[in-house]
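The values are calculated or read from the model by the stated rules, or taken from the named source; none is laboratory data. Keep in mind the model is a prediction, meaning the values are calculated, not measured. Backbone-built Cβ (ideal geometry, glycine too); neighbour counts: all protein chains shown. For the accessible areas, the whole protein counts, side chains as well, though only heavy atoms, and no ligand, DNA or RNA atoms are used. Shrake-Rupley method; radii C 1.70, N 1.55, O 1.52, S 1.80 Å.
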Amino acid sequence: MRKVLYTFAIAMLASPAAFAQTAAGATAGGTNWVAISAAFGMALAAFGGALAQSRVASSACEGMARNPGASGAIRAAMILGLVFIETLALLTLVIIFVKV
């Protein structure tokens, strides 16, 4: 596990050097890295939100199966949790539109 963390840390520390500023005039007709980064960011937000929502729904169903008497409270907590998760994905989308 440490090797993975070290590799990730080295990649994060070395990546700014890869995108260092080029000479003047060399950026004309270049790649729009902001749009590409925004697409990857939204993909990660969608993936994380979907994974979190599936875990919330799974846990809520399990809790309702174990204690049917508390299904109303569990359902309300589940909906609130799903709203918070979806809000994070929508906030990511808004930030991407502002940046691009």
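Only one residue in 98, 56 is within 19 Å of residue 43 (Cα to Cα) and out of contact with any Cys (no Cβ under 7 Å at 6 or more places or on another chain). Which one?
Values: 56 fails: within 19 Å of residue 43 (Cα to Cα).
None of the other options fit; the residue is 98.
Give the residues of the stretch 26-35 that are surrounded by 10 or more Cβ atoms within 10 Å (Cβ to Cβ) and over 16 Å from residue 96 (Cα atoms), sorted by residue number. Break it down stepwise before answering.
We begin by selecting, within the stretch 26-35, every residue surrounded by 10 or more Cβ atoms within 10 Å (Cβ to Cβ); these are 27, 34-35.
Within the stretch 26-35, just 27 meets the criteria.
How many residues, within the stretch 65-100, are among the aliphatic types (A, V, I, L, M) and closer than 18 Å to residue 34 by Cα? Break it down stepwise before answering.
Filtering the stretch 65-100 down to residues among the aliphatic types (A, V, I, L, M) leaves 65, 70, 73-74, 76-80, 82-83, 85, 88-91, 93-96, 98, 100.
Filter once more, keeping what is closer than 18 Å to residue 34 by Cα: 91, 93-96, 98, 100.
Matching residues across the stretch 65-100 total 7.
Just name the residue that is least open to solvent (accessible area, probe 1.4 Å) out of those in the stretch 36-76 that are farther than 30 Å from residue 96 by Cβ and among the polar types (S, T, N, Q). Lay out the reasoning, then the answer.
Within the stretch 36-76, the subset farther than 30 Å from residue 96 by Cβ is 61-76.
Add one more test, that the residue is among the polar types (S, T, N, Q), and what stays is 67, 71.
Numbers: 67: 81, 71: 31 Å².
The selected residue is 71.
May I ask you to list the residues in the stretch 80-100 that are among the β-branched types (Val, Ile, Thr) and under 14 Å from residue 49 (Cα atoms)? Don't jump to the end; show me each part of the working.
Of the stretch 80-100, the ones among the β-branched types (Val, Ile, Thr) are 83, 85, 87, 92, 94-96, 98, 100.
Scanning the stretch 80-100 gives 83, 85, 87, 92.
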